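Report on the following structure.
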Amino acid sequence: MVNKHKKWANVYLVLVFILMYAPIFYLIFYSFNKGDYMAGFSGFSWRHYIDMFADTRLMQMLVNTFIVALLSALIATLIGLFGAIGIYNTKQTGVKNILLSLNNVLMVSPDVIIGASFLIFFTMVGLKLGFGSVVLAHIAFSIPIVVLMVLPRLNEMNPALIDAARDLGANNYQVLSRVVLPYAWPGILSGFFMAITYSLDDFAVTFFVTGNGFSTLSVEIYSRARQGIDLSINAMSALMFLLSLILVVIYYFISNYSAASSKKKKGTRMVVH
Amino acid sequence: MAQPIIEFKHVAKQYDDNVVLKSVDLEIEAGKFYTLLGPSGSGKTTILRLIAGFLEATSGDILFEGQKINDLPPEKRRVNTVFQNYALFPNMNVFENVAFGMSIKGKGKSEIKAKVTEMLGLVKLSGLEDREISELSGGQQQRVAIARALANDPEVLLLDEPLSALDYKLRKEMQYELREIQKRLGITFIFVTHDQEEALAMSDWIFVTNEGEIVQNGTPVDIYDAPINHFVADFIGESNILPGVMRKDYLVAFAGKEFENVDGGMRPNEQVEVVLRPEDLDLVSADEGKLIVTIDDQSFRGDYYEITAHDDDQNEWQIQATNPAIIGERRGLFFDPEDIHIMRLNESEEDFDARMEEYDDTEEEGTMNES
Amino acid sequence: MNHKNTLSYTIPYILWLGLFVIAPVILLIIQSFGNINGHFTLNNYVTYFSSGTYLRMTFNSIFFAFIVTAMTLLISYPMAYIMSRLKHAQFWLLLVILPTWVNLLLKAYAFIGLFSKTGTINEFLSLIGFAPHQMMFTNMSFLIVAAYIEIPFMIMPIFNSLVELDRSYINAARDLGATQWQTLVKVIFPLSTGGVKAGIQAVFIPTLSLFMITRLIGGNRVITLGTAIEEHFLVTQNWGMGSTIGVVLIVAMILTMMLTRDRKKKGGKHGK
């Protein structure tokens, strides 16, 4: 009886996983197709990869995307880290709750709202749409996730550690550099990686604030996909899937390290969207 | 008298409307082991944090060797703390934790190494320099925390309930060792605890705190034998506390009878409270007793029997006896006049001390005459 | 730490809160009261609430989001439940999370290949003797792709609430004579409603605002609130109307969050 339950459970599990991964592997599979369509596999070939690397426009987009991601994640991590420390140091619970709610506004807002409202904002202040506006927008929507990754680490920290450091003669800067930052480090790293993924993953916000001159990979893919199938996009997606895999593995190790060092084993809790 | 190393003058602390410390005065002399003893929320940890500099006093002066230090930040005070949950830095190993204060001050490597070795020797952890904090037992972490604080050569070491997380046996052992370390280094220790047994065992001097005030201070023996009020009598050790009337000097009435005692200096027929420690009471045969009680219950405690009984006025009695009793039996209760301790209601500590001084002398004469 | 010092570190964060969280929302609301020339008007709202097209679009968007949420919940709850009882539960969770790290567009793009007239599914159908169907640009195709994309976001919170659930409750229920099914219905499900609500939040709101799937897969047959906003901002350049729909979307979002709020948490300090 119980065994039978288990068997069906496993079948269900496998089935859902197949459904979840099928489209991704389908995409990757056809990137090796000799033919030009995502159907009727006519033989193995690297030619779409060669096309992709020869496509200077696509390569330019790839570079753009990574510059935007790294730059925005770096700045967002810095701002978010100090924001988290600020929230952590806020004593009045009322103010703290308001800060936390405001922090989460961009986390729950739909992409289109963020994109549209940023577009209005940038136009209002007279910022030319392009690289600058895209980076600013990416910094803006990555900050809350950094705060959400760093803050729990800070809250987990025994506040007596700060007292102890002061007691032993450390000044503010030394308390920060020798005790708080090393302790929060796993959270800071996760925040940075999450910020990178957010940036790489974003389409909607970029689409709104990108203007004509500048474009990222996802915007480019969108405009090409509207024209129909292009197997260099498949090749690109295979590449990006590989990249995601690497990022996930890095993230997994960071969060496992932090879970191990904080005794409480919370496992890998990821906030995505 | 030498200048006290730490002095509080009318120090008060409040958060908004919540008063946690009401005008505390205290003096700490160099080189002694002090204990702040009180239930949780009584203000003892607040006093400690004010000395360490983690809190700022709302009013009053805190002096260190005669200098006002109210506004001095913790890192500039010659005082170090052993925290309740040790607060060892989890990202550093044992050596780095102990060396932290010295490396902040920019001391040389060889000096740091020598000091760390010395300190770990002092707390009996030699050879564990490279261990991670998470690999240590609770007792070992405790020792590292002590070594870390002492490595800064503080004038005063503050200990915030440092033994509360340890099991009974380890706690006993650490009590003894802390006392040893204090004697060896000759610096001042201020120890915070809610455990009266711990306080009595370790201290040269105890401050008993309750509801944001120091209610009594004195040597462990003073405080145990002559508690100032109901709270102290109840908090320190087991006691039988009964309402009574002081007929005149050396004569007190309680439990429906009058007894000779050794206290005086009160108004005739003043309402008082009478304290009798369970270990001072003896069970004797009914005709030899000063009071007759009926045994209600008893439990074996290893080295004695804890017996509860009631007298004919329905007062509850706790008695510690070496021999068992029979439940339901009527027995006599015997105690000496000097076992009776009288507490006046709402007596200030100053008046209490003055009265004690006066009648302690006569008490000694009295006992001498008797023998 | 000293307050004056930390305040100066926090300035960029406070600036961010002001410029990128509060200001844009206010600007969006102001814009919704402006016409194409930027003058104050209530016309956008009047048009919105009196036009059959806008109201039908809103209703459709909510209806589709509702169906997508229901579909994902139906698939995800058993999935999360099975996963939560496995040995290496965290590893399986990682497998659920991994697809969310693949760009949304690429996943949508995969379905273009699967659904197109000469695509793999039609190839398969003709193989077993059916005539090729038009699958792209149908309501169904939109529902399938949207559900596919949102499933992980439903599984994650439910899984977390089930994993955190104390095993002793389950043992206690079994001990008191409940069958497996009764335990599930009377103990496990009620205790995991927090996760379900979080999942509904995480799926319903984004589905209302999905726009590129409607463009790529739905072929403009399904117009969500998101599509309408994009249309007004980037195609017809009627920012006032776009902002009005944006405000409607924000209101819908707040309503959803209020309806799915975890009441237990409101009661006070919950947890540690």
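The values are calculated or read from the model by the stated rules, or taken from the named source; none is laboratory data. Bear in mind that the values here come from a model prediction, so they are computed numbers and not experimental data. Positions of Cβ are backbone-derived with ideal geometry, glycine not excepted, and every protein chain shown enters the neighbour counts.
Restricting attention to segment A:165-207, which residues are more than 8 Å from chain B (Cβ to nearest Cβ) and more than 24 Å from the chain's Cα centre (by Cα)? Answer for segment A:165-207, where residues must be more than 8 Å from chain B (Cβ to nearest Cβ) and more than 24 Å from the chain's Cα centre (by Cα): A:Asn172, A:Tyr173, A:Val175, A:Leu176, A:Ser177, A:Val180.
Hey, any hits in segment B:129-145 for a residue that's of a type in the set (A, V, I, L, M, F, W, C) and buried (at least 20 other Cβ atoms within 10 Å of the Cβ)? Yes, segment B:129-145 contains at least one residue that is of a type in the set (A, V, I, L, M, F, W, C) and buried (at least 20 other Cβ atoms within 10 Å of the Cβ).
Within the bounds of segment C:197-204, is there any residue that is among the basic types (Lys, Arg), at pLDDT 85 or above and part of a helix (DSSP H, G or I)? Yes, the conditions are met somewhere in segment C:197-204. All of B:Glu238, B:Glu288 fail the test of being at pLDDT below 90, loosely packed, with under 15 Cβ neighbours inside 10 Å and closer than 30 Å to B:Val24 by Cα, apart from B:Glu238.
Every listed requirement among (1) outside the structural domain of B:Ala147 (by the TED database); (2) over 22 Å from B:Ala12 (Cα atoms) is met by B:Arg179 save one, (1). The residues in segment B:89-115 that are facing another protein chain (nearest Cβ under 8 Å) and either under 21 Å from B:Phe191 (Cα atoms) or of a type outside the set (A, V, I, L, M) (or both) can be counted, and the count is 6. Output yes when any residue across segment B:48-60 is assigned to a strand (DSSP E or B), surrounded by fewer than 20 Cβ atoms within 10 Å (Cβ to Cβ) and of a type outside the set (Phe, Trp, Tyr), and no when none is. Looking through segment B:48-60, at least one residue is assigned to a strand (DSSP E or B), surrounded by fewer than 20 Cβ atoms within 10 Å (Cβ to Cβ) and of a type outside the set (Phe, Trp, Tyr). Does segment B:315-346 hold any residues that are in contact with a helix residue (DSSP H, G or I) (Cβ under 9 Å, 6 or more places away or on another chain) and among the polar types (S, T, N, Q), and which are they? B:Gln318, B:Gln320 - these are the residues of segment B:315-346 that are in contact with a helix residue (DSSP H, G or I) (Cβ under 9 Å, 6 or more places away or on another chain) and among the polar types (S, T, N, Q). In the condition set (1) at the interface with another protein chain (Cβ under 9 Å from one of its Cβ atoms); (2) at pLDDT below 85, C:Met257 is compliant with all but (2). Looking at segment B:84-95, is at least one residue under 20 Å from B:Ile5 (Cβ atoms) and either at pLDDT below 90 or surrounded by 14 or more Cβ atoms within 10 Å (Cβ to Cβ) (or both)? Scanning segment B:84-95 turns up no residue that is under 20 Å from B:Ile5 (Cβ atoms) and either at pLDDT below 90 or surrounded by 14 or more Cβ atoms within 10 Å (Cβ to Cβ) (or both).
Pairs are defined by a Cβ separation below 7 Å, a sequence spacing of at least 6 or placement on different chains, a first member in segment B:63-86 that is within 14 Å of chain A (Cβ to nearest Cβ), and a second member that is of a type in the set (Asp, Glu) and part of a loop (DSSP other than H, G, I, E, B); the pairs so defined are B:Arg78/B:Glu155; B:Val79/B:Glu155; B:Gln84/B:Glu161.
Give me a count of the residues in segment A:123-144 that are at the interface with chain C (Cβ under 10 Å from one of its Cβ atoms) and more than 29 Å from A:Ile188 (Cα to Cα). Within segment A:123-144, residues that are at the interface with chain C (Cβ under 10 Å from one of its Cβ atoms) and more than 29 Å from A:Ile188 (Cα to Cα) number 3.
For A:Ala164, are the conditions met, namely being touching a strand residue (DSSP E or B) at 6+ places or on another chain (Cβ under 7 Å), buried (at least 18 other Cβ atoms within 10 Å of the Cβ) and not basic (Lys, Arg)? Yes, satisfied.
For segment C:209-231, a residue qualifies if it is in a helix (DSSP H, G or I) and under 20 Å from C:Tyr109 (Cα atoms), and the qualifying residues are C:Ser209, C:Met212, C:Ile213, C:Thr214, C:Arg215, C:Leu216, C:Gly226, C:Thr227, C:Glu230.
Remark: pairs (first residue in segment C:69-90, aromatic (Phe, Trp, Tyr); second residue surrounded by 20 or more Cβ atoms within 10 Å (Cβ to Cβ) and part of a loop (DSSP other than H, G, I, E, B); Cβ separation under 9 Å; 6+ apart in sequence or on different chains) = C:Tyr77/C:Ser192; C:Tyr81/C:Ser192.
Examine segment A:6-25 for a residue that is among the aromatic types (Phe, Trp, Tyr) and more than 30 Å from C:Ala80 (Cβ to Cβ), and state whether such a residue exists. The answer is no, given that none of the residues of segment A:6-25 is among the aromatic types (Phe, Trp, Tyr) and more than 30 Å from C:Ala80 (Cβ to Cβ). Screening C:Gly218, C:Gly194 for residues that are in contact with a Ser or Thr (Cβ under 9 Å, 6 or more places away or on another chain), within 13 Å of chain A (Cβ to nearest Cβ) and surrounded by 15 or more Cβ atoms within 10 Å (Cβ to Cβ) leaves exactly one candidate, C:Gly218. Could you list all residues from segment B:182-201 that are surrounded by fewer than 23 Cβ atoms within 10 Å (Cβ to Cβ) and of a type outside the set (S, T, N, Q)? Once the filter is applied, which keeps residues that are surrounded by fewer than 23 Cβ atoms within 10 Å (Cβ to Cβ) and of a type outside the set (S, T, N, Q), segment B:182-201 yields B:Lys183, B:Arg184, B:Leu185, B:Gly186, B:Ile187, B:His194, B:Asp195, B:Glu197, B:Glu198, B:Leu200, B:Ala201. Considering segment B:180-296, the qualifying strands (runs of 3 or more DSSP E), each wholly inside and each with 2 or more residues that are within 16 Å of B:His341 (Cβ to Cβ), run over B:213-218, B:240-248, B:251-254, B:257-260, B:270-276. Screening segment C:22-50 for residues that are within 26 Å of the chain's Cα centre (by Cα) and of a type in the set (Gly, Ala, Ser) and picking the one that is modelled with the highest pLDDT gives C:Ala23. Between C:Thr100, C:Thr120, C:Thr72, the distinction of being touching a His at 6+ places or on another chain (Cβ under 9 Å) and of a type in the set (Ser, Thr, Tyr) belongs to C:Thr100 only. Taking the criterion of being part of a helix (DSSP H, G or I), more than 9 Å from every other protein chain (Cβ to nearest Cβ) and either farther than 24 Å from A:Met194 by Cβ or within 18 Å of the chain's Cα centre (by Cα) (or both), would at least one residue in segment A:208-218 satisfy it? No, because not a single residue in segment A:208-218 is part of a helix (DSSP H, G or I), more than 9 Å from every other protein chain (Cβ to nearest Cβ) and either farther than 24 Å from A:Met194 by Cβ or within 18 Å of the chain's Cα centre (by Cα) (or both).
Within segment B:125-133, one or more residues are assigned to a strand (DSSP E or B) and more than 15 Å from A:Leu168 (Cα to Cα).
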